[in-house]
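The values are calculated or read from the model by the stated rules, or taken from the named source; none is laboratory data. Model, not experiment: these values are computed from the prediction. Cβ coordinates were reconstructed from backbone atoms using ideal geometry, including for glycine residues, and neighbour counts include every protein chain displayed.
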Amino acid sequence: MRELLGSGLSLFAKKLLAVIAAVAVVAGLIALYVADWATSFPKTVAATTAPVNSEATTLTLETVASAGKLSPTKPDWVTYSVRTKGRWVRSTDFSVPTNSLVHVTIYQFDSPTGLRNPFLSQSQGTVGPATLDGKPFNSIPAEEASHTFAVPELGVFVPLAGVPEEAKHPCEEGPCEPSLFDHRTITFSFRTFRKGRFRWQCFVPCAAGWYFGNGGPMQTLGYMDGFIDVV
Amino acid sequence: MSEPNHARRFGAIWVVASLIATPLVIVLLGPILPPGKSSEQAAGQVTDNTVLLGMATPVLLLVVLYLIYAVINFRQPKGAVLEGPAIRGDARLQTTWIVITSVMVLTLAVYGSVRLFADNGAGSGSGPKPLTTPSGPKLPVQVIAQQWAFTYRYPTYGGVEVPHLVLPDNRMIELHVTSLDVIHSFWARQLGVKADANPQVDNVAFVKPTRVQTFEVRCAELCGIWHGEMFDTGRVVAPAAFNTWIRQAQVAYAPATKELPPYSKTYQPNPARRGG
Amino acid sequence: MSTTAAALPTPQPIGRPFWRRLIGFNLLTAVLLGVGGYYLGWFIGHQITGDSFEYQKKIDENDVALLLAYVFGVVGFLIGLGFANYPLSRLLGRPASLREKEDQGIGRYFGLCTDHKVVGLQYLVGIGVFFFIGGLNAMLIRTELLHTTPTVVGPNQYLSLVGMHGTMMMGMMTSGILGPFANYFVPILIGARRMAFPRIEALTFWLLMAAGFILTSTIFFGGFPTGWTGYEPLNDQAVMGMDSYILFFALVGISMALLGLNMLATIITMRAPGMTWSRLPIFVWSVLATAVLMVLAAPVLVATLLMAALDRTIDTSFFIPGGGGSAYLFENLFWFFGHPEVYVLALPGFGIVLELLPVFTRKPLWGYRLAVSGMLGVTLLSFFVWQHHLFVSGINADLRPFYMLSTEIISIPTGFIFLCFMGTLWKARTSFTVPMLFCLAWGFNFLIGGLSGVFLSDTPSDTTTHGTFFSMAHFHYTIMGGLIFTFFAAIYYWVPKMTGLRFNERLAKWHFWLMFIAFNSTFLPLFAVGMEGQPRRVSEYAPNLHTLNVWVSISAFVLGFSMLIFLANAVYSLILVRIPAVQNPWRSKSIEWQIPTPVPVNNFEQIPVFDADPYPYGTPLPVGAVRPASAGA
């Protein structure tokens, strides 16, 4: 066996080897970058345990027309965000316990866009009726929908009514504090019955400027789509 | 060492292997081939798959056995450098080959076409005006695809729309598949139905379920981020159960039905564009 | 006959300082101008869309800017390489160099070079790099598919990986055999000194490299969700990463069309005396057939992508339903290109197999004319089958019997190739060298690919198999089993000629066996996975398919590992150990093995005259007589 890196190598071979080594290092760095990019998910936010009932958990969400500070790279994308540890965080990956009741409260700051499929204007799959600004509702007029919160695999579809265009204090960009700006409050509860990872999404074509309103934020994890991890 | 008659020997091997394997494949594998026999169309596809598999088996055996035979018999002796015989072709064999493959291919094409029309599209999406439609009463059901869920509408029951497909057993169903945005594909695997959902297109497929069961619905055309998650479960129920179910559904989804536009073959969504 | 280039001990320019050599038209300048052009285009794009599209100006999503940036970047890159020098000189009436970098040392591999042998090697390495990037994507895809729900790879990134893998392979590997091996060997095989258009030949390569970088850069712009087919209207809906796909494929299309044109011109006009059509090596015939497909099909792709780009940037409505366009139009146009494209991938494989078989069986090619008519038949028919990709789409549903027929008819000429393959093996004296093993594997793989294709071509069967892992397994059998296996056959067969070095045979055999077994273990189960309900391009699937998917993923990792063995072998044999290959290791009688290694710049001192058919094997000569006639010294 010839000594691989010894004097047995010609100068040419050594040069080639150096080039190959450099290429391998660069390729390795690129591969690491790609792997890092490919495996990035939004940070998972665990639902907080409800104070009254230890079997139930709560999720507090808000929807804003423009992410603003919530998304430095895409400040004008419509987005959901979640309240955790007293702050609004743009994450759409929630973990909730299995066989439990999840109470969801959504502060909705966006104006109406209207549903593409008006069928989804009916609230479905919730435990008890959903409420809009404190009043129980069964459905809303399709054109008043601003977003929906839907987990199709769990059968949950809840339309979120929009803030009227003539509102006095609309929130231009996130994060929005419910105490400061006009909003609609939607609450509902659903039950988790098996472990798994379920996607949830918005069904209103709310991504303004994109074909059929379904591009950009509607198709990028972390804005209008996410996962519910039932653990 | 006298050279054996390779042609005769290999021919015998192949014929015997095909005679054994082909019936075995048809009898053993045929009945369990996908997509199963849950509908007339699916059963027709199973028949088709069985026929194709029966035809493919001798071809597969011919080439594979030949490769094995050649590798075993036609070798360069170790250490030697011998030239092979300078055979440059065989007119009779070539003609036979061309004739046989042509006959097989034409048979397949004719068979496929006949089956396609005899089974009224064999469960495939056959465009807005299918060339053949089954006679007799049909239950029209609209499949509405959108990013990323299927919903189903029953025009003959007040245009009620539901989130999961329920079909009556033993009735010819006329599926009208359309999309509200990008291209999807409605695939009910056990029923042997696949039809692309195109925006502005009414793609019709016929299916007649033949047993009470649940079936899987999946989207089979890449439609964006939740393409893989766009699945749900449908049911085939007895006709009486179907009538009960649809009456309940009409009541349960009454609030949504009142918001729906009138039933139409396609829906014209506003293609909001970038400039907006 | 020119006397200038015959003598070439490639004198290195001595005494020129290193920094001085960096100035001029070379890769460094090209990269700098490319980056400069990119930012110029980006700037202009933001300026011209700033007023009319308030929405785009505010944010980072500006398709106009990105497309212009890419175009300007590519133009800058090509100017930097020196592609503008010749036309500019001619425009100004100055004398222009007809040859570029032909007598430089190693530097000629890093720039515009008009020597077809240099371009061949450039292609081999350049395409190889992107082939491995595409393979890496596949590994990430299979890692995700170890899980039934999106766990390792995010759903956006998963679709981007699928799209990048498919597009990279379908785009780059179109030239997988034509690029390295046709560029290198077609002129030699037909007795020519160069290609018809050497500068265009170099252009096809550098366009492809620019395209590869553009596609890879898609991850900076959000990736693209459409897979390699880029179907509308999803295409129009996608984020900026989609523009990378569009420009990648457009550049690949241009490169393909030019490559095909160059091959056609070379083969038709530059054959040496005596190289009649019936003496043309079968590999050259396959290149000719492929070139016809490239020239006719690729422009359709470029035009289609231009329309898609216009839809995305200035809101035209070619493919937008509801805006006056049609999503069907894109499907039609895409597959009108896409199906010939599939045969662009398959035909060179046929050529390699039939070219190598006589060498290792020591027999003439069986049924030469049948093979040629098979290739030409496939070429012709491949333009009449494209709607079999759309059997369930509802488009022209009444025409389905026709497309069923045309699709099934195409298996007749493909059958010719198989008959020639089997006929050549008949009573042969086969030696099982590594290239031969790859050729035999082609026979098995392509058979499975072809037979599974019968199910897809039959509309009732296709209803279940369409758009599932079944069709995915099918085309991996035809493309990976057909093209990539022959690609490696060609590498093991011809690289000893191209480099003068030989591969380690033990490692090569390991590579073959591992690759062959892992390949079948990966893709055979996928037929079942597809039939049992897994659509293509999903990262979430039914739990009952989990076991099969895990099996497939592990096999795929082994397949990936076999590629690493090849890489190790290449580094070990071609760089570290460098054992010179013997002049004609395969005892081939083909002309490329009779000329010296390394091949002189002008290939031949005297243009050869051909007076016999290309496969003069099978005459029972004693051992010593088969030595190369005029080699060496």
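Out of the residues in region A:22-43 that are facing another protein chain (nearest Cβ under 10 Å) and among the small types (Gly, Ala, Ser), state the one that is nearest to C:Thr218 (Cα to Cα).
A:Ala38
Against the definition (surrounded by fewer than 24 Cβ atoms within 10 Å (Cβ to Cβ), of a type in the set (A, V, I, L, M, F, W, C), under 24 Å from C:Thr229 (Cβ atoms) and within 23 Å of the chain's Cα centre (by Cα)), how does C:Ile479 come out, yes or no?
Details: surrounded by fewer than 24 Cβ atoms within 10 Å (Cβ to Cβ): yes; of a type in the set (A, V, I, L, M, F, W, C): yes; under 24 Å from C:Thr229 (Cβ atoms): yes; within 23 Å of the chain's Cα centre (by Cα): yes.
It is true that C:Ile479 is surrounded by fewer than 24 Cβ atoms within 10 Å (Cβ to Cβ), of a type in the set (A, V, I, L, M, F, W, C), under 24 Å from C:Thr229 (Cβ atoms) and within 23 Å of the chain's Cα centre (by Cα).
If you take the residues of region C:448-476 that are more than 23 Å from B:Phe117 (Cβ to Cβ), of a type outside the set (S, T, N, Q) and more than 21 Å from the chain's Cα centre (by Cα), which of them is surrounded by the fewest Cβ atoms within 10 Å (Cβ to Cβ)?
C:Leu451
How many residues are more than 9 Å from chain C (Cβ to nearest Cβ) and either of a type in the set (D, E, K, R) or within 20 Å of the chain's Cα centre (by Cα) (or both) if we restrict to region B:129-140?
In the first step, residues of region B:129-140 are kept if they are more than 9 Å from chain C (Cβ to nearest Cβ); the result is B:132-140.
Next cut, either of a type in the set (D, E, K, R) or within 20 Å of the chain's Cα centre (by Cα) (or both) only: B:132-134, B:138.
Matching residues across region B:129-140 total 4.
Every residue in region C:63-105 that is charged (D, E, K, R) and in contact (Cβ under 8 Å) with a residue 40 or more places away in the chain, please.
First pass over region C:63-105, keeping only residues charged (D, E, K, R): C:63, C:90, C:94, C:99-103.
Within region C:63-105, C:Asp63, C:Arg99, C:Glu100, C:Glu102, C:Asp103 qualify.
What's the number of the only condition in (1) in a helix (DSSP H, G or I); (2) at pLDDT 90 or above that C:Gly624 fails to meet?
(2)
Under 7 Å between Cβ atoms, at least 6 apart or on separate chains: pull out the pairs that start in region A:136-159 with a residue that is under 17 Å from A:Phe190 (Cβ atoms) and end on any residue that is buried (at least 24 other Cβ atoms within 10 Å of the Cβ) and charged (D, E, K, R).
Close Cβ pairs satisfying both conditions: A:His147/A:Asp110.
Tell me yes or no: at least one residue of region A:172-186 is among the aromatic types (Phe, Trp, Tyr), in contact with a Pro (Cβ under 7 Å, 6 or more places away or on another chain) and either part of a helix (DSSP H, G or I) or modelled with pLDDT under 90 (or both).
First, pick out the residues of region A:172-186 that are among the aromatic types (Phe, Trp, Tyr): A:181.
Now narrow it down to the ones that are in contact with a Pro (Cβ under 7 Å, 6 or more places away or on another chain): A:181.
The next check asks that each one be either part of a helix (DSSP H, G or I) or modelled with pLDDT under 90 (or both); those that pass are none.
Checked region A:172-186: no residue is among the aromatic types (Phe, Trp, Tyr), in contact with a Pro (Cβ under 7 Å, 6 or more places away or on another chain) and either part of a helix (DSSP H, G or I) or modelled with pLDDT under 90 (or both).
Return yes or no: is C:Leu91 modelled with pLDDT of 90 or more and either over 28 Å from C:Val558 (Cα atoms) or of a type in the set (Gly, Ala, Ser) (or both)? Outline the logic, then answer.
Details: modelled with pLDDT of 90 or more: yes; either over 28 Å from C:Val558 (Cα atoms) or of a type in the set (Gly, Ala, Ser) (or both): yes.
Judged against the criteria, C:Leu91 is a match.
So which strands (runs of 3 or more DSSP E) stay within region B:133-208 end to end and still have 1 or more residues that are within 24 Å of A:Arg199 (Cα to Cα) and touching an Asp or Glu at 6+ places or on another chain (Cβ under 9 Å)? Lay out the reasoning, then the answer.
On the way: elements: B:139-146, B:149-154, B:160-162, B:166-168, B:173-179, B:184-188, B:193-197, B:203-207.
Ranges flagged: B:139-146, B:149-154, B:173-179, B:184-188, B:193-197.
Within region C:430-447, track down each residue that is more than 8 Å from chain B (Cβ to nearest Cβ), hydrophobic (A, V, I, L, M, F, W, C) and farther than 16 Å from C:Phe360 by Cβ. First the steps, then the outcome.
Of the residues in region C:430-447, the ones more than 8 Å from chain B (Cβ to nearest Cβ) are C:433-439, C:441-442, C:445-446.
Pick out the ones that are also hydrophobic (A, V, I, L, M, F, W, C) and you get C:434, C:436-439, C:441-442, C:446.
Hit for region C:430-447 is C:Phe446, nothing else.
Keeping to region B:99-128, report how many residues are outside any loop (DSSP other than H, G, I, E, B) and either more than 7 Å from every other protein chain (Cβ to nearest Cβ) or in contact (Cβ under 8 Å) with a residue 24 or more places away in the chain (or both). Before you say what the answer is, go through the steps one by one.
Narrowing region B:99-128 to residues outside any loop (DSSP other than H, G, I, E, B): B:99-118, B:124.
Retained after the next criterion (residues that are either more than 7 Å from every other protein chain (Cβ to nearest Cβ) or in contact (Cβ under 8 Å) with a residue 24 or more places away in the chain (or both)): B:99-100, B:103-104, B:106-108, B:110-112, B:114-115, B:117-118, B:124.
Residues that pass the stated criteria total 15.
Given the options B:Glu83, B:Glu161, name the one that is surrounded by 15 or more Cβ atoms within 10 Å (Cβ to Cβ), of a type in the set (Asp, Glu) and away from chain C (no Cβ under 13 Å).
On the way: B:Glu83 fails: away from chain C (no Cβ under 13 Å).
Answer to the selection: B:Glu161.
One line per residue, one yes/no per condition, for (1) buried (at least 24 other Cβ atoms within 10 Å of the Cβ); (2) under 29 Å from C:Thr226 (Cβ atoms); (3) more than 14 Å from chain C (Cβ to nearest Cβ):
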{"site": "B:Phe206", "(1), (2), (3)": "yes, no, no"}
{"site": "B:Glu216", "(1), (2), (3)": "no, yes, no"}
{"site": "B:Cys219", "(1), (2), (3)": "yes, yes, no"}
{"site": "B:Val236", "(1), (2), (3)": "yes, no, yes"}
{"site": "B:Asn243", "(1), (2), (3)": "no, no, yes"}
{"site": "B:Pro262", "(1), (2), (3)": "no, no, yes"}
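Of the residues B:Val51, B:Val59, B:Val25, B:Val63, which single one is aliphatic (A, V, I, L, M), within 11 Å of chain C (Cβ to nearest Cβ) and closer than 20 Å to C:Glu532 by Cα? If you could, list the steps in order and put the result at the bottom.
Numbers: B:Val59 fails: closer than 20 Å to C:Glu532 by Cα; B:Val25 fails: within 11 Å of chain C (Cβ to nearest Cβ); B:Val63 fails: closer than 20 Å to C:Glu532 by Cα.
It is B:Val51.
Could you check, for region C:304-326, whether at least one of its residues is within 19 Å of the chain's Cα centre (by Cα), modelled with pLDDT of 95 or more, more than 24 Å from C:Pro614 (Cβ to Cβ) and in a helix (DSSP H, G or I)? Steps first, answer last, please.
Here is the first cut: in region C:304-326, the residues within 19 Å of the chain's Cα centre (by Cα) are none.
No, because not a single residue in region C:304-326 is within 19 Å of the chain's Cα centre (by Cα), modelled with pLDDT of 95 or more, more than 24 Å from C:Pro614 (Cβ to Cβ) and in a helix (DSSP H, G or I).
Looking at region B:101-116, is at least one residue within 20 Å of C:Asp462 (Cα to Cα), touching a strand residue (DSSP E or B) at 6+ places or on another chain (Cβ under 6 Å) and surrounded by 14 or more Cβ atoms within 10 Å (Cβ to Cβ)? Reasoning before the result, please.
Within region B:101-116, the subset within 20 Å of C:Asp462 (Cα to Cα) is B:104-116.
Keeping just the survivors that are touching a strand residue (DSSP E or B) at 6+ places or on another chain (Cβ under 6 Å) gives none.
Within region B:101-116 (the criterion being within 20 Å of C:Asp462 (Cα to Cα), touching a strand residue (DSSP E or B) at 6+ places or on another chain (Cβ under 6 Å) and surrounded by 14 or more Cβ atoms within 10 Å (Cβ to Cβ)), the answer is no, since none of the residues qualifies.
What number of residues in region C:267-282 are farther than 18 Å from C:Leu376 by Cβ and hydroxyl-bearing (Ser, Thr, Tyr)?
So the count comes out to 1.
Residue check: is C:Ala297 among the aliphatic types (A, V, I, L, M), surrounded by fewer than 19 Cβ atoms within 10 Å (Cβ to Cβ), in contact (Cβ under 8 Å) with a residue 12 or more places away in the chain and away from chain B (no Cβ under 14 Å)?
Values: among the aliphatic types (A, V, I, L, M): yes; surrounded by fewer than 19 Cβ atoms within 10 Å (Cβ to Cβ): no; in contact (Cβ under 8 Å) with a residue 12 or more places away in the chain: yes; away from chain B (no Cβ under 14 Å): yes.
So C:Ala297 fails the test.
Hey, any hits in region A:162-173 for a residue that's more than 14 Å from chain B (Cβ to nearest Cβ), buried (at least 18 other Cβ atoms within 10 Å of the Cβ), out of contact with any Phe, Trp or Tyr (no Cβ under 7 Å at 6 or more places or on another chain) and closer than 25 Å to B:Asp181 by Cβ? Explain how you work it out, then say what you get.
As a first pass, look at region A:162-173 and keep what is more than 14 Å from chain B (Cβ to nearest Cβ): A:162-173.
Going one step further and asking which of them are buried (at least 18 other Cβ atoms within 10 Å of the Cβ), we end up with A:162-163, A:171.
Still in the running and out of contact with any Phe, Trp or Tyr (no Cβ under 7 Å at 6 or more places or on another chain): A:162.
Narrowing the set further to residues that are closer than 25 Å to B:Asp181 by Cβ leaves A:162.
Yes, because at least one residue in region A:162-173 is more than 14 Å from chain B (Cβ to nearest Cβ), buried (at least 18 other Cβ atoms within 10 Å of the Cβ), out of contact with any Phe, Trp or Tyr (no Cβ under 7 Å at 6 or more places or on another chain) and closer than 25 Å to B:Asp181 by Cβ.
Which numbered condition trips up A:Thr192, out of (1) more than 14 Å from every other protein chain (Cβ to nearest Cβ); (2) under 24 Å from A:Ala67 (Cα atoms)?
So A:Thr192 meets the others, but not (2).
Yes/no per residue for (1) buried (at least 16 other Cβ atoms within 10 Å of the Cβ); (2) among the basic types (Lys, Arg):
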residue: B:Ile20; (1), (2): no, no
residue: B:Val27; (1), (2): no, no
residue: B:Lys37; (1), (2): yes, yes
residue: B:Val59; (1), (2): yes, no
residue: B:Pro77; (1), (2): no, no
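Which condition from (1) in contact with a helix residue (DSSP H, G or I) (Cβ under 7 Å, 6 or more places away or on another chain); (2) within 24 Å of C:Ile575 (Cα to Cα) is the one that C:Gly481 breaks?
Unmet condition: (2).
Being away from every other protein chain (no Cβ under 13 Å) and at pLDDT below 90: is that true of A:Ala208 here? Break it down stepwise before answering.
Working: away from every other protein chain (no Cβ under 13 Å): no; at pLDDT below 90: yes.
For A:Ala208, the condition - away from every other protein chain (no Cβ under 13 Å) and at pLDDT below 90 - is not met.
Would you be able to say whether some residue in region C:227-247 is within 24 Å of C:Phe330 (Cβ to Cβ), more than 14 Å from every other protein chain (Cβ to nearest Cβ), hydrophobic (A, V, I, L, M, F, W, C) and buried (at least 23 other Cβ atoms within 10 Å of the Cβ)?
Yes, there is a match, as at least one residue in region C:227-247 is within 24 Å of C:Phe330 (Cβ to Cβ), more than 14 Å from every other protein chain (Cβ to nearest Cβ), hydrophobic (A, V, I, L, M, F, W, C) and buried (at least 23 other Cβ atoms within 10 Å of the Cβ).
Please identify the pairs in which a residue from region A:21-42 that is touching a residue at least 40 places away in the same chain (Cβ under 8 Å) has its Cβ atom under 7 Å from the Cβ atom of a residue that is of a type in the set (Ser, Thr, Tyr), counting only partners at least 6 apart or on another chain.
Cβ pairs passing all conditions: A:Pro42/A:Ser91; A:Pro42/A:Thr92.
Give me the pairs, please: first residue somewhere in region B:150-174 and β-branched (Val, Ile, Thr), second residue anywhere and assigned to a loop (DSSP other than H, G, I, E, B) and surrounded by 19 or more Cβ atoms within 10 Å (Cβ to Cβ), beta-carbon distance under 6 Å, and either six or more positions apart or on two chains.
Close Cβ pairs satisfying both conditions: B:Thr151/B:Pro163; B:Val160/B:Tyr253.
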